[in-house]
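*Asks:* Structure provided below as structure tokens; questions to follow.
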Amino acid sequence: MSNVSDCVLSVRDLSVAFGGRNAAQVTDRVSFDVDAGEFFALVGESGCGKSVTAMSILRLLPVPGAKIVSGSVLFEGVDLLKLPLETLRTYRGSAISCIFQEPMQALNPVLPVGKQLLEVLRHESKNIALEKTVHFLKLAGFADVDRVMRAYPHELSGGMLQRACIVMALLPMPRLLIADEPTTALDVTVQAQVLSVLKDLARDAHTSVLLITHNMGLVAQYAKRVAVMYAGRIVEMGETSAVIDSPLHPYTRGLLAAIPERHLNMSSLQFIPGNVPNPKDFVPGCRFASRCSKVKPECIGFPPKQGDDLHWAMCFVKD
Ligand SMILES: Nc1ncnc2c1ncn2[C@@H]1O[C@H](COP(=O)(O)OP(=O)(O)OP(=O)(O)O)[C@@H](O)[C@H]1O
Ligand code: SF4
Ligand SMILES: [Mg+2]
């Protein structure tokens, strides 16, 4: 739990539904804080509600279709869900930046990369804009900055493009960067390089990071704290080291057992049987029950919180 003054983002009881009359609620009272300068991860399998949560923050969910049923999103104390849309737009790309899975979506294919980066700093003098951009590109590991500035997006590799997008997102020195699966589309060999650039640049820009990923290995390497999401709910949260060394929730244990890097002997690599249920099939009690090897009769009730404020999980079983 963070002090109000340290907290950049505070999501509270966020519930989102999709559909009209028979709307399915896809997230259920999601709450977490991201502190100033913190690298916070939201992790979970495909379909568990990570992107819906991330997109709710800047109200980027499709309208009509999505409905925020309840909750608040406090950014530096201001509830973004209550702001007039015009005011909210002034936050997008300045105080809060986003990076998504596919870098080409963020770049204009017919403009040189450098021109697009400089455009982000159009309110600064040309010299300062150029100096900052070159500084960030160097920090992002580009040896030949001139070539990158002149290149068109199709002339760069996926990893280079994503690093350019990270530079673009961080040039305005946002207070929060939302990175939704920024490395998923990349070759495994460049994923770590891209995330390490993201971490270094965010530190340089004093930007807090909300990293959305399904990759527990990346969380272990980069995040200070982590929230584990399953079927629309956060089921475990804590310091990454505590969650990884002493996971409390069977789902978290399953995710950890499925990290290939932790299993040099691949025969011990495990997987979680079954799939994340469709929101229309969510049950009132523990939603992991149908896949959990520890399931007990009481698990049909709403699981209690175990642990403490620093590291907790929603589960009946303690061991
Ligand atoms: N536009 C939409 N209309 C209807 N349902 C949607 C829409 N977008 C997302 N959903 C549903 O909301 C749930 C959560 O989706 P979300 O995209 O947040 O998952 P995710 O955790 O980001 O998964 P992934 O790892 O695959 O990106 C899913 O059941 C999904 O089908
Ligand atoms: S509450 Fe029960 S079913 Fe759910 S994760 Fe814990 S032990 Fe498994
Ligand atoms: Mg997603």
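*Asks:* Going toward the positive end of the dipole of the chain, with +1 on Lys and Arg Cβ and -1 on Asp and Glu Cβ, which of GLY19, LEU210, LEU161 do you reach last?
*Replies:* The listed residue farthest towards the positive side: GLY19.
*Asks:* Would you please give the residues with an amide H less than 5 Å from that of ILE99, counting only those at least 5 places away or on a separate chain, with H modeled from the backbone geometry?
*Replies:* Under 5 Å from the amide H of ILE99 lie the amide H atoms of ILE178, ALA179, ASP180, each far enough along the sequence or on another chain.
*Asks:* Separate question: Amide H neighbours of VAL69 under 5 Å, at least 5 residues apart or on other chains, H built in the peptide plane: list them.
*Replies:* Amide H neighbours of VAL69, under 5 Å, 5+ apart: SER15, VAL16, ALA17.
*Asks:* What residue among PRO260, PRO279, PRO303 shows peak mean-square fluctuation when the chain is described by a Gaussian network model with Cα springs under 10 Å?
*Replies:* Comparing PRO260, PRO279, PRO303 in a Gaussian network model of the chain, the most mobile one is PRO260.
*Asks:* Pop out the Kirkwood hydrodynamic radius of segment 113-178 from its pairwise C-alpha distances, inverse of mean 1/r, in Å to one decimal.
*Replies:* On the way: mean 1/r = 0.0841 Å⁻¹.
When all Cα pairs of segment 113-178 are included, the Kirkwood radius is 11.9 Å.
*Asks:* Related question: So what J values fall out for segment 276-292 if you push phi through Karplus, 6.51 cos²θ - 1.76 cosθ + 1.60 with θ = phi - 60°, rounded to Hz, Gly and Pro as x?
*Replies:* For segment 276-292, the Karplus curve yields 5, x, 5, x, 5, 9, 4, 9, x, x, 5, 7, 8, 3, 5, 10, 9 Hz.
*Asks:* Could you tell me what a quarter of the Cα convex hull surface of segment 35-156 works out to, in nm² with one decimal place?
*Replies:* Working: hull surface 41.1 nm².
So the Cα hull casts an average projection of 10.3 nm².
*Asks:* Which of ILE99, ILE272, ILE166 moves the most in a Gaussian network model of the chain with Cα springs under 10 Å?
*Replies:* Highest fluctuation among the options: ILE272.
*Asks:* Same structure, new question: What per residue convex hull volume, in Å³, do the alpha-carbon atoms of segment 1-71 yield?
*Replies:* Values: hull volume 6.5 nm³, N = 71.
Output value, Cα hull per residue: 92 Å³.
*Asks:* Checking a compactness column here: for the chain, what do you get for Rg(Cα) / (2.2 N^0.38 Å), N being the number of residues? Numbers along the way, then the final one.
*Replies:* Details: Rg = 20.3 Å, N = 319, 2.2 N^0.38 = 19.7 Å.
Compared with the compact-globule rule of thumb, the chain sits at 1.03.
*Asks:* While we're looking at this one, here's another question. Report, in debye and to the nearest 20, how large the dipole of the chain comes out about its Cα centre when Lys and Arg carry +1 and Asp and Glu carry -1 on their Cβ. Working shown, then result.
*Replies:* Values: 32 positive and 31 negative charges, 127 e Å.
Charge dipole, the chain, about its Cα centre: 600 debye, nearest 20.
*Asks:* Quick check: convex hull of the Cα atoms in segment 115-239, volume per residue, rounded to a whole Å³? Before the final figure, lay out the partial values.
*Replies:* Details: hull volume 14.8 nm³, N = 125.
Taking the convex hull of the Cα positions in segment 115-239, it is 118 Å³ per residue.
*Asks:* Pick from ILE300, ILE96, ILE212 the residue whose mean-square fluctuation is largest in a GNM of the chain, springs joining Cα atoms under 10 Å.
*Replies:* Per the Cα network of the chain with a 10 Å cutoff, ILE300 tops the list.
*Asks:* On to the next question. Calculate how many DSSP beta bridges within the chain are antiparallel, expressed in % of all such bridges and rounded to the nearest 5. Show your work: numbers first, answer last.
*Replies:* Details: 31 of 50 bridges.
Looking only at bridges with both residues in the chain, the antiparallel portion is about 60 percent.
*Asks:* Of the options ASN108, VAL43, PRO84, report the single residue whose Cα projects farthest towards the positive end of the charge dipole of segment 1-138 (beta-carbon charges: Lys, Arg +1; Asp, Glu -1).
*Replies:* Working it through, the farthest residue towards the positive pole turns out to be ASN108.
*Asks:* For a quick check of your reading of the filter: which trypsin sites (Lys or Arg not before Pro) in segment 53-128 sit in a DSSP loop and have no more than 16 other Cβ atoms within 10 Å?
*Replies:* Details: sites: ARG59, LYS67, LYS82, ARG89, ARG92, LYS115, ARG122, LYS126; in loops: ARG59, LYS82, ARG122.
Listed in order of number, the matching sites are LYS82, ARG122.
Every number here is computed from the coordinates shown, using simple stated rules; none is lab data. Quantities reported herein were computed from a predicted structural model and do not represent experimental measurements. Cβ atoms come from the backbone with ideal geometry, glycine included; neighbour counts cover every protein chain shown.
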